[in-house]
Each structure stands twice: as C-alpha cells, then as structure tokens.
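First up is the structure itself, then whatever we jot down about it.
The values are calculated or read from the model by the stated rules, or taken from the named source; none is laboratory data. Since the structure is predicted, the reported quantities are computational estimates derived from the model, not experimental observations. Positions of Cβ are backbone-derived with ideal geometry, glycine not excepted, and every protein chain shown enters the neighbour counts.
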Amino acid sequence: MKALRIAFTLTLIVGLLVMGCARRPREHGVLLWSPDEERASSGTLLAVVDESDISDTYTVVGLDNEDKAELPRRLVRVFDSEEQAAAFKAEYQDFARLYGRSERRALPIRAEMSSQSRRVYRLRDQQIVKVIRRSEQKHEISDYHDYWYEVMTEDGVDGWVFGRYLTVYDYDEGPTDPADVEREELNAFLLETWRPEYFERMISDGRYDLVRFDPRYGLFPEPENNRVRIVLPDHTVEFTYEDWYRIRASLWGAEGEPLEIHIRSETEVQALYSHNGREHSARFVLVDEDIRELISQEEARRFELYTEFIEVGQRFRSAAYGNLEFRENRTFVWLGYKRLVPRIVSYTAGTTGTVRFDLYLARHLRDQYDGALTLEFAGSDDTMYLLYRYVSGGVQFMYVPETLVDRSTVQDTPRAPIIMYFSLIED
C-alpha cells in the first residue's frame with residue numbers, strides 16, 4: 001500500500017505538469033482500489049487517456065477535475081462507454097470503501113463461488129484485500145453460513161473468498177483487532193439461550209417429540225455467575241469457570257473446567273465436555289420461536305386427534321385380542337390380550353395405561369392408515385406402537401416394532417405384521 005501511494009503521488013505531480021497535453025478520452029473506467037484514499041477514493045469515475053504496455057499502467061483523468069495520473073492497470077476496471085462505467089460505479093458504491101483481512105494462513109481465493117472451484121491464490125494471515133462485491137445470499141460450507149466475496153489482492157489477483165475467515169471492514173473505521181472480534185463473538189454467545197440442535201429439526205419438520213422438546217433442555221450460559229449449565233434428556237451437567245481462554249479461532253475453553261465451546265456461527269455452537277468419565281459433543285442452536293407456544297399447539301393437535309378417535313367409539317371387542325376401552329381422560333383398559341404375551345407385551349404389563357397420539361406417519365403410509373398411537377402400560381416399561389385405520393363397524397390396528405419408529409414417525413410396516421381387528425361395542 002505504501003509503495004502504491006508513493007507512486008500515485010509522484011505520477012499525480014507529473015500529471016499536473018503535463019495537463020495541457022491531455023487527449024480526448026477513449027475509454028472510461030472506475031478506480032477499484034485507490035493507492036491513496038485521501039487523494040482519490042475507490043469508486044471514482046475516471047477517463048482513460050492513454051495506457052502503457054511497458055509499465056502496465058493507464059494514464060487517467062478524474063472527471064471531476066483535470067489532474068492526470070498514472071495508475072497500475074490492475075487497479076482500474078475499464079469500460080467501452082461512460083454509461084457502462086457509470087452503471088458499474090453505482091453498483092460499486094456499497095463496496096468502494098470496503099476492505100478485507102484474512103484471518104488464517106493460506107486462505108484460498110477461488111475462481112468462482114464454490115469450494116470446489118479452482119484455487120487461484122492463497123492469502124497470508126492478516127493479508128489485506130480489496131472487496132469488489134458480495135454474493136446476494138449466504139452459502140453453507142461445512143456447516144458454516146456466510147457470504148462469498150469477490151476480492152482483489154494488491155498484486156492484482158482477482159477471485160472469490162468465503163467469508164468465514166475474512167474480516168470485512170470499512171476503510172474509514174479500520175479493521176477491528178481479531179482478538180476483540182472474537183471476544184465480542186464469545187460475549188454474544190454468553191448472552192443467549194441455546195437449544196439442542198434437534199429442536200431446529202423438529203420445528204422445521206413440524207413433528208414434535210414432547211419428551212425431548214421441552215424448555216428445560218438447552219445450553220444456558222450464566223455469565224454473571226461464571227457458570228454454564230447443559231441440560232439434555234439423558235444428563236445434566238454444570239460448569240463453574242474462572243474465565244474463558246482462546247484455544248484457536250472461534251474455539252474457547254472454560255478455565256478450570258473440562259468444557260470447550262466452538263462458535264460455529266452466529267446461530268450455532270458446539271459444546272465439547274467431559275461428564276461422568278465420558279467425552280461428549282453436542283450442538284446447540286438459537287431458536288426464535290416460542291418453545292412453550294409450540295408445545296401448546298402440539299398438545300392441542302394431539303387432543304384433537306384423540307377426540308376424533310373416541311368419537312368413532314370408545315369400547316371395542318376382538319375375538320382374538322380381548323376388549324379394549326378408551327376413556328375420556330386419555331387412558332385405556334385392555335382385557336384379554338394374552339396372544340400378545342410375551343412376544344409383544346410382558347407378563348407384568350397390567351391392563352391399564354395411557355394413550356398418546358404422539359406419532360406421525362411417513363408419507364407413503366398416509367393413504368393407507370388414518371393415524372398412529374402409542375399405548376403406555378401402567379406399572380411397567382411396556383410401550384406399544386399401533387397404526388390404525390377405520391373399517392366398517394370398527395377399527396383395525398397393526399403392531400409396529402420400535403425399530404420402525406424414528407423421530408416420532410412410523411417409517412414403515414413390518415414384514416410379518418400382527419393385525420388386530422376390533423369391532424365397535426354399541427352402547
């Protein structure tokens with residue numbers, strides 16, 4: 001930058017001495033990267049009056065004044081007409097004062113916006129580049145979401161850099177110290193409530209397992225107490241630390257505790273920790289939706305399904321599988337299911353339990369069945385998953401092994417199905 005600035009100043013002085021020799025401009029261009037932002041800012045519209053293949057320069061005149069100057073050709077983007085140059089200048093204004101700084105060694109510049117594209121350059125750690133433009137939307141690479149930036153190096157290489165390890169800053173404000181940037185990133189993490197990654201998937205799918213989808217679960221920083229709590233369905237652990245220390249980019253350790261936090265993006269973190277002699281790795285995300293409201297909506301959906309089911313009938317009889325009654329309070333009484341013992345139900349299962357409409361159907365099952373339900377026997381660990389469909393005079397159940405239920409969804413029917421037909425007992 002210093003060498004460019006000196007060259008620019010000298011050629012500007014020479015240009016002032018030969019002002020009277022200027023010829024009619026033959027091309028127009030836009031200054032991409034000014035050697036001296038104080039003298040002529042990036043994004044300035046220029047008239048190109050001459051060029052030299054020997055020195056690889058353009059002789060230019062700023063349209064706002066008549067000062068001549070020689071500039072390296074790589075710093076100017078030239079167009080066939082003033083209109084084209086003016087149009088590019090208008091597009092470039094949002095980026096004219098933006099620069100980038102590489103935050104890692106060998107950060108690749110690629111020919112196109114793709115991690116598979118040809119690498120044209122490797123940036124040094126802390127190397128400064130000029131930002132030319134940015135992708136319209138963020139892209140995802142290895143779970144990171146960021147923009148692609150078209151950049152130019154000081155020696156004239158042009159290409160695209162993924163923004164994960166590129167600090168973009170305004171010339172007037174200057175680059176922020178990397179340590180400060182990362183400390184701000186850590187502080188932002190400490191101010192949020194983070195939810196298990198599967199919360200995001202359940203919300204996206206619209207399918208909720210209310211045993212695991214609960215506001216109790218998450219990663220809960222308490223910076224005022226120097227404490228982090230992790231609460232998951234299978235364990236709870238609490239860490240009280242002295243301070244945070246930087247391990248590497250976006251990876252922080254809790255002093256005095258076996259806990260590391262990898263800040264993967266503004267909305268996702270990964271916790272690496274030890275608990276009860278085991279190593280754990282769990283991802284957490286930010287959830288904008290109201291968890292309790294989503295649970296309330298899901299409970300209302302299940303209640304509606306149960307109401308529709310018992311409107312068909314509450315008491316059913318099967319010659320092979322006994323009598324089955326569904327009660328208003330979402331409980332059941334099942335007498336005479338001996339044929340299912342012990343293959344499906346244990347000897348200790350009892351005859352009563354709870355009914356849950358907590359299952360969803362895979363797409364290919366929706367035309368074949370009216371729904372699915374769960375029977376949870378009281379006083380034992382026995383749980384039975386059943387597909388059902390209404391038939392003339394009653395209901396038909398199909399037993400579904402637990403292996404065919406994934407993410408609260410019945411994925412398929414068994415190869416050797418157990419089908420139970422129950423007729424309605426009229427009151």
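For the reader, a short list of remarks on this structure follows.
- Answer from Phe309, Phe284, Phe316, Phe303 - the residue that is surrounded by 15 or more Cβ atoms within 10 Å (Cβ to Cβ), part of a helix (DSSP H, G or I) and of a type in the set (Phe, Trp, Tyr): Phe309
- Applying the condition of being assigned to a loop (DSSP other than H, G, I, E, B) and acidic (Asp, Glu) to the range 245-281 and asking which residue is surrounded by the fewest Cβ atoms within 10 Å (Cβ to Cβ) yields Glu255.
Conditions (1) of a type outside the set (A, V, I, L, M, F, W, C); (2) more than 21 Å from the chain's Cα centre (by Cα), marked per residue:
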| position | (1), (2) |
| --- | --- |
| Ile247 | no, yes |
| Glu257 | yes, yes |
| Leu272 | no, no |
| Phe284 | no, no |
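For (1) over 22 Å from Asp412 (Cβ atoms); (2) touching a Gly at 6+ places or on another chain (Cβ under 8 Å); (3) among the aliphatic types (A, V, I, L, M), each residue gets a yes or a no:
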site	(1), (2), (3)
Phe332	yes, yes, no
Leu340	no, no, yes
His364	no, no, no
Gln368	no, no, no
Gly371	no, no, no
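- Hits in the range 69-126 (condition: within 20 Å of Pro175 (Cα to Cα) and surrounded by fewer than 16 Cβ atoms within 10 Å (Cβ to Cβ)): Gln93, Asp94, Arg104, Arg105, Ala106, Arg124, Asp125, Gln126
- Residue within the range 14-25 that is exposed (fewer than 12 other Cβ atoms within 10 Å of the Cβ), modelled with pLDDT under 55, small (Gly, Ala, Ser) and not assigned by TED's automatic domain parsing to the domain that holds Ile132 present: yes
- If you go through the range 352-371 and keep only what is in contact with a helix residue (DSSP H, G or I) (Cβ under 9 Å, 6 or more places away or on another chain) and either modelled with pLDDT under 95 or farther than 22 Å from Gly336 by Cα (or both), you end up with Phe357, Asp358, Tyr360, Asp370, Gly371.
- Within the range 54-68, if we keep just the residues that are among the charged types (D, E, K, R) and surrounded by 15 or more Cβ atoms within 10 Å (Cβ to Cβ), the residue that is nearest to Glu27 (Cα to Cα) turns out to be Lys68.
- Test result for Asp381, of a type in the set (D, E, K, R), within 18 Å of Phe332 (Cβ to Cβ) and not in a strand (DSSP E or B): yes
- One residue stands out in the range 196-227 among those that are free of Cβ contacts under 8 Å to residues at least 40 places away in the same chain and part of a strand (DSSP E or B): the one that is surrounded by the most Cβ atoms within 10 Å (Cβ to Cβ), namely Pro221.
- Among the residues making up the range 228-244, those that are of a type in the set (D, E, K, R) and either in a strand (DSSP E or B) or closer than 19 Å to Arg164 by Cβ (or both) are Arg229, Glu238.
- Only one entry of Glu299, Glu328 meets the criterion of being within 17 Å of Leu375 (Cα to Cα) and touching a residue at least 40 places away in the same chain (Cβ under 8 Å), and that entry is Glu299.
- Qualifying residue in the range 374-393 (condition: surrounded by fewer than 17 Cβ atoms within 10 Å (Cβ to Cβ), modelled with pLDDT under 95 and in contact with a Lys or Arg (Cβ under 8 Å, 6 or more places away or on another chain)): no
- Evaluation of Tyr369 against the conditions (1) in contact with a Lys or Arg (Cβ under 7 Å, 6 or more places away or on another chain); (2) outside any loop (DSSP other than H, G, I, E, B); (3) of a type outside the set (D, E, K, R) shows that the sole unmet condition is (2).
Each row is one residue, and each column tells you yes or no for (1) more than 20 Å from the chain's Cα centre (by Cα); (2) of a type in the set (Ser, Thr, Tyr); (3) at pLDDT below 90; (4) closer than 30 Å to Glu299 by Cα.
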position	(1), (2), (3), (4)
Ile132	yes, no, no, no
Ser135	no, yes, no, no
Glu140	no, no, yes, no
His145	no, no, yes, no
Met152	yes, no, no, no
Gly156	yes, no, yes, no
Arg164	no, no, yes, no
Asp172	yes, no, yes, no
Pro178	yes, no, yes, no
